[in-house]
Amino acid sequence: MAVKVLELHHHGIRIGPGEADLKKALHFYRDVLGLQVDEGRPEIRGVPGYWVYVGDTAQIHLMGAAGLSPAAKGQGMDPTITHVALAVPDVQEAKKELDRLGAKYWTIQGLVGEYEQIFLYDPFGNMVELHQIGTCRCVRPSASPAGG
């Protein structure tokens, strides 16, 4: 078997944490690419940034950080590292399947809301986030998402 992935939710991009970096990122993604900012992005302690909608069912998460962010669990275990986020039907079942497959991963509880997020690396060093369907703000409120 394998982990069941339902949707692509966001692509996380690390930007610099300074005010100039935040303005530069906002200008590019909003004013150059024409993407709309999600005004409801929750406050993430020590990680300034923006979430911008890409259509109605995905976002780009711009995360301001340098070095290890306050959200990091250690070297290489930092959710502000550039990553792709995918939704799964049940995060606990996904963890059981990853354990069965012998995949190395770590989790973060409550970074955004009360939800657990799973992070792991593919064989090429790319970070992947798995989270429970319906727990991401990635779907524009006016859109009706498939599966959640």
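At-a-glance table
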item: Failed item in (1) closer than 18 Å to Arg14 by Cα; (2) modelled with pLDDT under 95, with Gly148 passing the rest; result: (1)
item: Of all residues making up the range 128-137, the number that are modelled with pLDDT of 85 or more, over 12 Å from Thr107 (Cα atoms) and either among the small types (Gly, Ala, Ser) or within 10 Å of the chain's Cα centre (by Cα) (or both); result: 1
item: Filter result for the condition that a residue is modelled with pLDDT of 95 or more, over 13 Å from the mean Cα position of the chain (by Cα) and surrounded by fewer than 14 Cβ atoms within 10 Å (Cβ to Cβ), over Gly40, Gly34, Gly46; result: Gly34
item: All positions within the range 119-142 that are of a type outside the set (Phe, Trp, Tyr) and part of a strand (DSSP E or B); result: Leu120, Met127, Val128, Glu129, Leu130, His131, Gln132
item: The one condition in (1) modelled with pLDDT of 95 or more; (2) over 23 Å from Lys23 (Cα atoms) that Thr82 fails to fulfil; result: (2)
item: Where Ala85 falls short, out of the listed (1) surrounded by fewer than 16 Cβ atoms within 10 Å (Cβ to Cβ); (2) within 21 Å of Leu6 (Cβ to Cβ); (3) in contact (Cβ under 8 Å) with a residue 24 or more places away in the chain; (4) among the hydrophobic types (A, V, I, L, M, F, W, C); result: (1)
item: Selection within the range 51-68 - farther than 16 Å from Gly40 by Cα and surrounded by 17 or more Cβ atoms within 10 Å (Cβ to Cβ); result: Gly64, Ala65
item: The range 13-36 residues that are over 27 Å from Val128 (Cβ atoms), paired with ones that are loosely packed, with under 11 Cβ neighbours inside 10 Å (beta carbon under 6 Å, 6 or more apart); result: none
item: Yes/no for Glu129 being in contact (Cβ under 8 Å) with a residue 24 or more places away in the chain and either of a type in the set (Val, Ile, Thr) or under 24 Å from Lys4 (Cβ atoms) (or both); result: yes
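Each row is one residue, and each column tells you yes or no for (1) among the aromatic types (Phe, Trp, Tyr); (2) in contact with a strand residue (DSSP E or B) (Cβ under 8 Å, 6 or more places away or on another chain); (3) within 18 Å of Cys138 (Cβ to Cβ).
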| residue | (1), (2), (3) |
| --- | --- |
| Leu6 | no, yes, yes |
| Ile15 | no, yes, no |
| Asp21 | no, yes, no |
| His27 | no, no, no |
| Gly49 | no, yes, yes |
| Ala65 | no, yes, no |
| Val84 | no, yes, yes |
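The values are calculated or read from the model by the stated rules, or taken from the named source; none is laboratory data. Please read these numbers as outputs of a predicted model, since none were measured by experiment. Because the Cβ atoms are built from the backbone with ideal geometry, glycine has one as well, and the counts that use them run over all protein chains shown.
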